[in-house]
Amino acid sequence: MALPAIPSPRATLIPFLSAAEADRLAYPPNALPGARDVSTFYGTMRVYEWGPADGNKVLFVHGDATPCLVFSKIAQGIVDAGYRVMLFDLWGRGYSDTPLNCRHDVRLLATQILLAIGSSPLSWMGNGNLFSIVAFSLGGPISLAFTGAFPLSVRSLVLLGPAGLIRTLPDGYEDQIMHSPELAPSDEALREKVRQILGVAVSGPALNIQADQRQDAPPPTGPDRVEKTFDMGAVLQWQFDHHQGHVHPSQSTTQYGPLQKGEHIWKKVCDIISARTRPDAPLHGSKLLVFFGQDDDVVVGKETSEEISNLLPPDHLQVETSLL
């Protein structure tokens, strides 16, 4: 039995726009190659997959705020190097629905990886099939949780500004209504708090939506490759304005998600990488590559590096810092 869900802009926006209007959106429905909408017990999710069918496989898992478009150019570069890639929008982001009556915790989000790779015409796991994961921010602990549960399937991990070990959450995340939404005086008050955290405007430019001109939206047909550069600030604004279910997972992930105190999630995989456990796993005795942004004030590189070092010996950890 499917959970109730708030539909994404795939159902609430795109059918009311012309093809030209949809193409001008900050996140157009045909933004990336290999798009498909996957129906699940939790709602419908957006998945993209392209690249050589016989190439080594790489899965990208994005963070809390931005949908998977944040990886578009990186993914295309990986494809150009001969790899097969997959990206998907987490629940309540981009073109994925928002499941209700469930916590948006690491279990729900890590399960989404299974749903994404299970929708592929190719085998991503089982029978010796392996894939690598590149994860950003919240995607870090999500990917670690998945790897801990399915250690025989993951070839390598690259984490970009990973959450899970954050010592102090940024302003707004600790607000009472983000952890007890029932205390919010109104739905609009909670929406305003999420808006402040995301740093978007009160409202973006209005769209010419003709409610009486709904038509069945055809399956998205994307380009053969990524050529366009997407404005992530504009994508955030579009998502806040037009995804009717975006506020709920933003709040629920803050309350229940793996942003902090995720040592148990990290440790299980760190023990494999450092060769303490699971000698049968591809990650056994390998090295974890972690990138931090020099000016990132959410996932502070120095602090998180210290926390990782408590779980992983230095010869199994490579930390890089970027100006971006």
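Readers should treat all values here as calculations from the given coordinates under stated rules, not as data from a laboratory. Owing to the predicted nature of the structure, the values given are computational and were not obtained by experimental measurement. Cβ atoms come from the backbone with ideal geometry, glycine included; neighbour counts cover every protein chain shown.
Tell me which label goes with the value of Cα extents along the principal axes in Å computed from the coordinates here: (i) 62, 48, 44; (ii) 65, 43, 39; (iii) 66, 37, 33.
(i)
Taking 25 Å as R0, compute the FRET efficiency from the Cβ-Cβ separation of Asp297 and Gln176 and round it to 0.05.
The computed FRET efficiency comes out at 0.65.
Between Ser286 and Glu192, what FRET efficiency follows from the Cβ-Cβ distance if R0 is 45 Å, with the result rounded to 0.05?
The calculated FRET efficiency here is 0.50.
What order do you get for Ser309, Ser96, Ser120 when you list them from fewest to most C-beta neighbours inside 10 Å?
Least to most surrounded, the residues fall as Ser309, Ser120, Ser96.
Rounded to the nearest 20 Debye, what is the dipole magnitude of the chain about its Cα centre when Lys and Arg each give +1 and Asp and Glu each give -1 at the C-beta?
Charge dipole, the chain, about its Cα centre: 820 debye, nearest 20.
Collect residues whose amide H, placed 1.01 Å from N in the peptide plane, falls under 5 Å from the amide H of Leu160; neighbours closer than 5 in sequence don't count.
For Leu160, the qualifying residues are Ala135, Phe136, Ser137, Phe291.
Around Leu317, which amide H atoms from residues at least 5 apart in sequence, or from another chain, sit under 5 Å from its own amide H, with H modelled in the peptide plane?
Amide H neighbours of Leu317, under 5 Å, 5+ apart: Leu288.
Skipping prolines and chain starts, which residues have an amide H placed within reach, meaning under 5 Å, of the one on Ala5, given they are 5 or more residues away or on another chain?
Those lying under 5 Å, H to H, from Ala5 are Leu100.
Please give the net charge around Tyr83, taking every other residue with its beta carbon less than 12 angstrom from that of Tyr83, where Lys and Arg add +1 and Asp and Glu add -1.
Summing Lys/Arg as +1 and Asp/Glu as -1 gives 0.
Let me make sure I get this right: for the stretch 1-138, a, b and c are the square roots of the gyration tensor eigenvalues over alpha carbons, sorted descending. Under 1.5 in a/c it's rounded, otherwise prolate if a/b > b/c, else oblate. Which is it?
It comes out oblate by the Cα gyration axes.
Whole-Hz ³J(HN,Hα) for each residue in the stretch 19-25, computed from phi via Karplus 6.51 cos²θ - 1.76 cosθ + 1.60 with θ = phi - 60°, x for glycine and proline: what do you get?
4, 5, 5, 4, 5, 8, 5
Which residue, Leu87, Ile177, Leu190, has the largest displacement toward the positive end of the dipole of the stretch 37-196 when charges sit on each Cβ (Lys, Arg +1; Asp, Glu -1)?
Leu87
Determine the distance separating the Cα centre of the stretch 124-164 from the Cα centre of the stretch 241-267; give it in Å without decimals.
The stretch 124-164 and the stretch 241-267 have Cα centres spaced 18 Å from each other.
Given a Förster radius of 45 Å and the C-beta distance between Ala11 and Asp80 as r, what FRET efficiency does 1/(1 + (r/R0)^6) yield to the nearest 0.05?
Efficiency, from the Cβ-Cβ distance: 0.85.
At 7 Å along Cα-to-Cβ for each site, give me the label-to-label distance between Leu207 and Cys102 in nm.
2.6 nm
Which residues in the stretch 291-309 have a backbone N closer than 16 Å to a point placed 7 Å from the Cα of Glu263 along the Cα-to-Cβ line?
Only 303-309 pass the distance filter.
DSSP loop (so not H, G, I, E, B), at most 12 other Cβ within 10 Å: list which GluC sites (Glu not before Pro) in the stretch 120-199 pass both filters.
Glu174
Could you list the trypsin sites (Lys or Arg not before Pro) in the stretch 1-109 that lie in coil according to DSSP, counting only those with at most 15 other Cβ atoms within 10 Å of their Cβ?
Arg24, Arg103
Is there a pair in Lys268/Lys302; Lys193/Lys268; Lys228/Lys268; Lys261/Lys287; Lys57/Lys267 whose C-alpha atoms are over 27 Å apart, and which pairs would that be?
Going by Cα-Cα distance, Lys193/Lys268; Lys228/Lys268 fall outside the 27 Å limit.
Please tell me the relative contact order of the stretch 5-322 in percent, rounded to the nearest whole number, where contacts are Cα pairs under 8 Å and at least six residues apart.
23 percent
Full extension from Asp315 to Leu3: what is 0.36 nm times the residue separation minus their Cα-Cα distance, to one decimal in nm?
107.8 nm
Picking from Thr98, Thr40, Pro9, whose Cα lies most toward the positive end of the charge dipole for the chain (charges on Cβ: Lys, Arg +1; Asp, Glu -1)?
Going by the Cα projections, it comes out as Thr40.
Say a paramagnetic label sat at a point 7 Å from the Cα of Leu115, along Cα to Cβ; which residues of the stretch 31-63 have their backbone N under 16 Å from it?
Under cut-off, by backbone N: 36-48, 61-62.
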